[in-house]
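Taking it in order: structure first as C-alpha cells, then the write-up.
The values are calculated or read from the model by the stated rules, or taken from the named source; none is laboratory data. Worth saying up front: this structure is predicted, and the values here are computed from it rather than measured. Neighbour counts are summed over all protein chains in view; Cβ atoms, including those assigned to glycine, are modelled from backbone coordinates with ideal geometry.
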Amino acid sequence: MGYEKSVQISQRDIGEVIDMKQPSIARATKVLMEVGVIRSEGKPGQTATYMLNPYYGSRGKASNVIKMQRAWDGTES
C-alpha cells in the first residue's frame, strides 16, 4: 500500500492476494472504513481507490507526514 498516496485496487485482486472471497473483502473493507483505518476515494462504478489513515501508518519526512495527517483531518492550510 502506498504510504503517501492512494492505491487503486479491486476487492477481487485483494482477495486473490490474501486468499479470501470478494464478499469477505467487502465486509472487511466496510469495517475498516467505518473505524477510520482506510478511506475510499474512488468514484462509484470504478475500481476503488483506498488511502491508509496516516495516523496508522506513514513514512517519509516528518513534515510530509504532518501534511498527510492534516489533509486526512481536513485541516490542511
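A compact table of results
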item	result
Candidates SER10, SER24, SER58, SER6 - the one that is among the polar types (S, T, N, Q) and touching a helix residue (DSSP H, G or I) at 6+ places or on another chain (Cβ under 7 Å)	SER58
Residue match in the range 19-26 (condition: within 26 Å of GLY74 (Cβ to Cβ) and not acidic (Asp, Glu))	no
Residue in the range 5-15 that is in a helix (DSSP H, G or I) and polar (S, T, N, Q) present	yes
Test for MET1: is it modelled with pLDDT of 85 or more and hydrophobic (A, V, I, L, M, F, W, C)	no
Residue in the range 20-32 that is in contact with a Phe, Trp or Tyr (Cβ under 9 Å, 6 or more places away or on another chain), assigned to a helix (DSSP H, G or I) and not polar (S, T, N, Q) present	yes
Looking only at the range 17-55, and only at residues there that are hydroxyl-bearing (Ser, Thr, Tyr) and more than 14 Å from VAL7 (Cβ to Cβ), the one that is modelled with the lowest pLDDT	TYR55
Cβ pairs under 6 Å, 6+ apart, first in the range 57-77 and farther than 17 Å from SER6 by Cα, second surrounded by 13 or more Cβ atoms within 10 Å (Cβ to Cβ)	GLU76/ARG70
